[in-house]
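Peer 1: Shown below is the structure under consideration.
The values are calculated or read from the model by the stated rules, or taken from the named source; none is laboratory data. Keep in mind the model is a prediction, meaning the values are calculated, not measured. Note that each Cβ is placed from the backbone with ideal geometry, even for glycine, and that neighbours are counted across all protein chains shown. Just the protein is used for accessible areas: all its heavy atoms, side chains included, with ligands, DNA and RNA removed. Shrake-Rupley method; radii C 1.70, N 1.55, O 1.52, S 1.80 Å.
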Amino acid sequence: QVQLVESGGGLVQPGGSLRLSCAPSGSIFRINAMGWYRQAPGKKRELVATITSDGSTNYADSVKGRFTISRDNAKNTVYLRMNSLKPEDTAVYSCKIEIKRRVGQSYRDYWGQGTQVTVSS
């Protein structure tokens, strides 16, 4: 069974920084794209950032210039560095990873349980 575990969330003041981490456990053959999503109360889930297996990145307009997504393939880990945090960044942040469990199988999406990020003075 594959499970994703996020860490690094917490309470931070406006203008502060946090770094989120996400890594899977279980049997894995290969990982493709990785991404971070967030959902605030009363809002739909939105894409924050994605990174391909070759390191190509994309960001939501609301976080460009402030957030940086990266990956460590040796550790099967994806990170999200968040700088200059604003109260409107408050949300539950979840990671999504495309995983192929065994050779010959198709990729499918796996989701973490989410980590709370609260930006408040």
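Peer 1: Please state which one of ALA49, ALA33 is surrounded by 13 or more Cβ atoms within 10 Å (Cβ to Cβ), without any contact (Cβ under 8 Å) to a residue 60 or more places away in the chain and either within 12 Å of the chain's Cα centre (by Cα) or in a strand (DSSP E or B) (or both).
Peer 2: Result of the check over ALA49, ALA33: ALA49.
Peer 1: State which residue is farthest from ASN73 (Cα to Cα) when the search covers only region 111-121 and only residues that are in contact with a Pro (Cβ under 7 Å, 6 or more places away or on another chain) and open to solvent by 10 Å² or more (accessible area, probe 1.4 Å).
Peer 2: It comes out as SER121.
Peer 1: So which of LYS75, LYS44 ends up being out of contact with any Lys or Arg (no Cβ under 8 Å at 6 or more places or on another chain), within 22 Å of ALA23 (Cβ to Cβ) and not in a strand (DSSP E or B)?
Peer 2: Step by step, each of LYS75, LYS44 is checked, and only LYS75 is out of contact with any Lys or Arg (no Cβ under 8 Å at 6 or more places or on another chain), within 22 Å of ALA23 (Cβ to Cβ) and not in a strand (DSSP E or B).
Peer 1: A follow-up question, please. How many residues, within region 62-72, are in a loop (DSSP other than H, G, I, E, B) and either closer than 24 Å to GLN3 by Cα or of a type in the set (Gly, Ala, Ser) (or both)?
Peer 2: The total comes to 2.
Peer 1: Specify the residue that is least open to solvent (accessible area, probe 1.4 Å); the eligible residues are those in region 87-110 that are charged (D, E, K, R) and part of a helix (DSSP H, G or I).
Peer 2: This residue is ASP89.
Peer 1: In region 19-41, what residues are over 25 Å from ARG108 (Cβ atoms) and at pLDDT below 95?
Peer 2: Correct list: PRO41 only.
Peer 1: Something else: Of the residues GLY16, GLY65, only one is closer than 14 Å to VAL119 by Cα and either modelled with pLDDT of 95 or more or of a type in the set (S, T, N, Q) (or both); which?
Peer 2: On inspection, the qualifying residue turns out to be GLY16.
Peer 1: Could you grab me the full set of residues in region 1-21 that are more than 17 Å from ASP89 (Cα to Cα) and in contact with a Lys or Arg (Cβ under 9 Å, 6 or more places away or on another chain)?
Peer 2: Residues satisfying the conditions are VAL2, LEU4.
Peer 1: If PRO14 passes every condition in (1) touching a helix residue (DSSP H, G or I) at 6+ places or on another chain (Cβ under 8 Å); (2) outside any loop (DSSP other than H, G, I, E, B) but one, which one does it miss?
Peer 2: The single condition PRO14 does not satisfy is (2).
Peer 1: Turning to a different aspect of this structure: Only one residue in TYR79, TYR59 is aromatic (Phe, Trp, Tyr), closer than 15 Å to SER7 by Cβ and open to solvent by 30 Å² or more (accessible area, probe 1.4 Å), so which one is that?
Peer 2: Exactly one of TYR79, TYR59 is aromatic (Phe, Trp, Tyr), closer than 15 Å to SER7 by Cβ and open to solvent by 30 Å² or more (accessible area, probe 1.4 Å), namely TYR79.
Peer 1: Now for a separate question. Among what's in region 1-30 and is among the hydrophobic types (A, V, I, L, M, F, W, C) and farther than 22 Å from ILE99 by Cβ, pick the residue that is surrounded by the fewest Cβ atoms within 10 Å (Cβ to Cβ).
Peer 2: For region 1-30, the residue satisfying everything is LEU11.
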